[in-house]
Every structure is written in structure tokens, then in C-alpha cells.
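The values are calculated or read from the model by the stated rules, or taken from the named source; none is laboratory data. Keep in mind the model is a prediction, meaning the values are calculated, not measured. Note that each Cβ is placed from the backbone with ideal geometry, even for glycine, and that neighbours are counted across all protein chains shown. Ligands, DNA and RNA are excluded from the accessible area calculation, which covers all protein heavy atoms including side chains. Shrake-Rupley method; radii C 1.70, N 1.55, O 1.52, S 1.80 Å.
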Amino acid sequence: MSKIKILGSGKEVGRAGILIEQDEKFALLDYGVNFDENDRPIFPLHVRPKDIDIIILTHSHLDHIGAAPSLYISVMPKLGATPLTLDVSKILLLDMIKLNGPYLPFDEQSINDMLVSAETMNYEKTYEYGNFLVTLMDSGHIPGSASVLVETNSNRILYTADMNTIETKLKGPHKLNGVKADTLIIESTYSTSNHPPREESEKRFIDDVNDVVEKNGVVLVPAFGVSRGQEIMALLEEKGFGYNVWVDGMIRDIAELYIAHSNYLKSPRLLLKAMQEQRLVKGWNDRRRALKEPGVIIASAGMMKGGPSLYYLKKISNNPRNAVFMVSYQAEGTPGRDILEKGFYTDGNKNFNVESRVEWFDFSSHTDKKGILETIKSIQGLRKVILVHGEPEGQKLLSEEIKSQNNNIEVIIPDNGDEINLE
């Protein structure tokens, strides 16, 4: 009999960790972190590394990879991911050590040991690891991201990880339609809401950017370094934006990796053109120049907790001619969320009012409720749906909707630590 144990992402967004057991051997799908209000990492439940046949990292966001190096302190379990996920993960994990090092049970050596133990995996190819057959499929979330089909001797288990069902500038939709699985472990980040059509968000963003810049303003676009920043670069390039675009922080480094792994992009030429025509910030002189003339500055970090985006925010936010256009999720307690809800942010012990124009645009790379329901409907032979990576209140409502559309499907909303036995 196969078993699934939820180590993280049970009734919470992030901190993913899914353990599949067959005959006392394990396949671990993701091992990520969340952060508390003091920016200290919160790890998933423990698993003994020596019992693991394979660790699969579905994509490079820290809430899916941030705890994985802790499994490489004394043993070296096998690890698999797409080549792009491995390359981006290295950058993010090393950056995490810089920011959170004192709170981490691992160091650079653990990250290196993890990457030495890794093998690259391609989409749609089946790999054998001990008791498990593993196949990665494009999840549509970010470049290089994957959903995972795990086959044991008695079960076919599909873990969507983070997924998307629409076209973006970087990615096409996921490739899960028609997959056969008896158990589906599915993300439910947006369990009760639907995104506006992407074309509407794009048009509003471009129109509003042009409005600010044509009146001699500077638009700061704080964006996640992985995927969101490059999405905005590509969008401005595609729409023929005629003013300066400056790109600062990790966004630039990840964009270079995306170009190096261009087979994971929907339109490599578009991002390459953006890289060639937009201005990559190389130092403080460039930062000062970016602020002197009308244009757009795309900078990490997306929630303005640090990085160059916080520097630019301090420089532009006292002038109503300028704008802060947010395109990333803003977590509670971050400067971005405070600006949206209160009109000011706190740095140190001091509050700073934001006089510039402030807007938020929905560019999510997670599917919405409609996409979740469509994905469930498309999986063949499904008997059990396990909702993870979501808020419990929304998951309950989503569960009722799934059951009303599919009478013969069992829906489970597990807590962290729960074990689910499969027939």
C-alpha cells in the first residue's frame, strides 16, 4: 500500500513538502520554507534523508526548495529537477544564506552537496528511482517548473505543485490535460477567486504606465526576481513602450539564466530583445541615472522588504507625479501591503508617507478557482483529490464545489502531519 504524508503546505500557502511512501521507502516532492514576521525560516516536518529514494524539486521558489539543503548535512539522497530549476535554485539558496544565514541549519557546502547529488530531468520522460517511477510535466507556473506524476506498484499520484492554466508572456499553460491518475494533490492558492482576463491586466498596466511617464513621472515596478520581473520586461517590450526601462537586482541575473535555457520560454526572442534594448543597472551611477528621467524601473524585491526596490521607493514616493505599480503578491506586514492598505510604510522605527500614485495589478502565475476545477475535470480515472497550498476557509468552499461537480471523487483537506492511505 502507498501512503502520502503532508510535511508542509497543509492548510497553508507555501512551505511545500509532500512525502510518498511505498514499502518503507520515500519519494519527497518539494521541501520549502515559509518565513515568520521576523523573517526567520519555518521548515516543514522532518524526514530522515537516508530513507529517501528521490527528492524532486518542482520549481525554484523558496517555498518549494528552501529547506532542501538541510537534507544534505550527513547523507546525499538523489535529487531531480529540470536544468533551469537547478540553476535558479542555486542563486536563490545562496541569497537566502546571505539574508537568513544565522537561522539556517545548513551552509553553502550543503547547497553544493545538494547540487552535486542532482540529476537533470526532462519533461515527459519517465525515470526510475527505487520503488518509484517519476515523470515531470510542464506545470505552466514559471519557466522550468514541473508537475510530478509518481507511479508506485499500486497507484498513480499526480502532484501539480504550483500551476497555471493561461498564456503569459513567458509561458504557455500547463500540460496536464488528459493525464491518468487515481490521486491528485493540487494547489489551491486561489480557491475562491478568479483572476481578471490577462489581456485586461496587461492593457490597464500599459495604459497607466504611459499615463505616468507621459507626464514626466517615474514608475517603480517592484517585482519578484524569479519570473515576474522578466514577465514585465517582456510585456513592455512586446507593447513597444517608447521610454527608458531600467532593470535592477536579481531580475537581471535570472533573465540571463532564462535566455541560457531558452527552450523553457514561450517566446525566447521577446525576452532576449528586452534584455538588449532595456537598460541593465550595473551600479550606483546607473541607479542615479534611472531616477533622473521619465521611464520605468523594474526592481526586486517584489514586496519592497529590501533590495534595490526599497532604495527607489524612498527616492520617488514623495512626488505625486511618480508611481509605484505593484505586480507581485504583497504579504501581510510587508512595505508593499502597508502602502496599499495604509498609504505609508515603515523603515526602522519611522513611518514614510507615499505621495506617489499607487496601484496593484494581477499578474499571478498561479491558476484561479476556474483553472483548478478545469484541471480536476481533465484528469482521467481520478478517485481522490487532496487540496494543499491554500487557506483552509477557501479550501472548504472549493471542496464543496468539487464534490458537487464530481460525486464519485473523495476530497481531502489535510493538516501538516496527516497521513493518507491509498488503496
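Observations
- Region 1-140: relative contact order as a whole-number percent, Cα under 8 Å and 6+ apart: 19
- Dimensionless Rg/Rh of region 1-102 - Kirkwood Rh, Rg from C-alpha atoms: 0.96
- T120 versus E167: modelled label distance in nm, points set 7 Å from Cα along the beta carbon direction: 2.8
- Between N216 and E423, residue separation times 0.36 nm minus the direct Cα-Cα distance comes to 68.1 nm.
- Calculated Rg and Dmax of region 104-262 using C-alpha coordinates, Å: 19.6, 65
- Solvent-accessible area of D338 with every protein chain in place, 1.4 Å probe, in Å² to the nearest 10: 20
- DSSP finds beta bridges in the chain, and of those with both partners inside it, around 45 percent are antiparallel.
- Heavy-atom surface of region 57-215, accessible at 1.4 Å and reported per residue (Å²): 37
- C-alpha long axis of helix 83-100 to longest principal axis of the chain, angle in °: 70
- Think of it as helices only: each DSSP H run of n ≥ 4 in the chain is worth -39500 (n - 2.57), and spread over all residues that comes to -9000 deg cm²/dmol at 222 nm.
- Listed pairs K266/K305; K90/K305; K5/K377; K90/K175; K98/K169; K50/K266 exceeding 28 Å between Cα atoms: K266/K305; K98/K169; K50/K266
- Kirkwood hydrodynamic radius of region 233-284, Cα pairs, Å: 11.4
- Once the convex hull of all Cα atoms in region 258-382 is built, its volume per residue stands at 168 Å³.
- When region 355-413 is described by a simple charge dipole with +1 on each Lys and Arg Cβ and -1 on each Asp and Glu Cβ, the residue from V411, I372, L382 located farthest towards its positive end is L382.
- Our summary gives the chain a relative contact order of 19 percent, counting only alpha carbon pairs under 8 angstrom and 6 or more residues apart.
- Between region 255-326 and region 392-416, the alpha-carbon center distance in angstrom: 40
- Here the simple spin-label model places points 7 Å from the Cα toward Cβ, and for N153 and E400 these points are separated by 4.3 nm.
- For region 110-156 and region 224-251, distance of Cα centres in Å: 30
- In this simple spin-label model, placing a label point 7 Å from the Cα along the Cα-to-Cβ direction at both L133 and N408 gives a separation of 2.3 nm.
- Calculated log₁₀ intensity ratio I(q)/I(0) where the Debye formula runs over C-alpha points of the chain, q = 0.09, 0.10, 0.14 Å⁻¹: -0.55, -0.68, -1.29
- Gyration tensor (alpha-carbon) shape descriptor, region 98-140, a/c threshold 1.5: prolate
- Magnitude of the charge dipole for the chain, about its Cα centre and with charges confined to Cβ atoms of Lys, Arg (+1) and Asp, Glu (-1), is about 1040 debye.
- Region 44-156 shape via C-alpha gyration tensor axes, a/c threshold 1.5: oblate
- Considering only E231, E151, E200, the mean-square fluctuation computed in a Gaussian network model of the chain, springs between alpha carbons under 10 angstrom, is largest for E200.
- Length added when fully stretched, K273-D362, from 0.36 nm per residue minus Cα-Cα: 29.6 nm
- More than 17 angstrom apart: percent of Cα pairs within region 384-423: 29
- Region 139-152 - phi-based ³J(HN,Hα) in whole Hz, Karplus 6.51/-1.76/1.60, Gly and Pro as x: 8, x, 7, 9, x, x, 6, 9, 9, 10, 9, 10, 10, 9
- Taking the C-alpha atoms only, the angle from helix 369-378 to the longest principal axis of the chain is near 30 degrees.
- Cα-based helix-to-principal-axis angle, 307-316 vs the chain, degrees rounded to 10: 30
- Relative contact order %, region 251-397, counting alpha carbon pairs below 8 Å whose residues are six or more apart: 15
- Ligands, DNA and RNA left out, the accessible area of the chain computed with a 1.4 Å probe is 46% carbon and sulfur.
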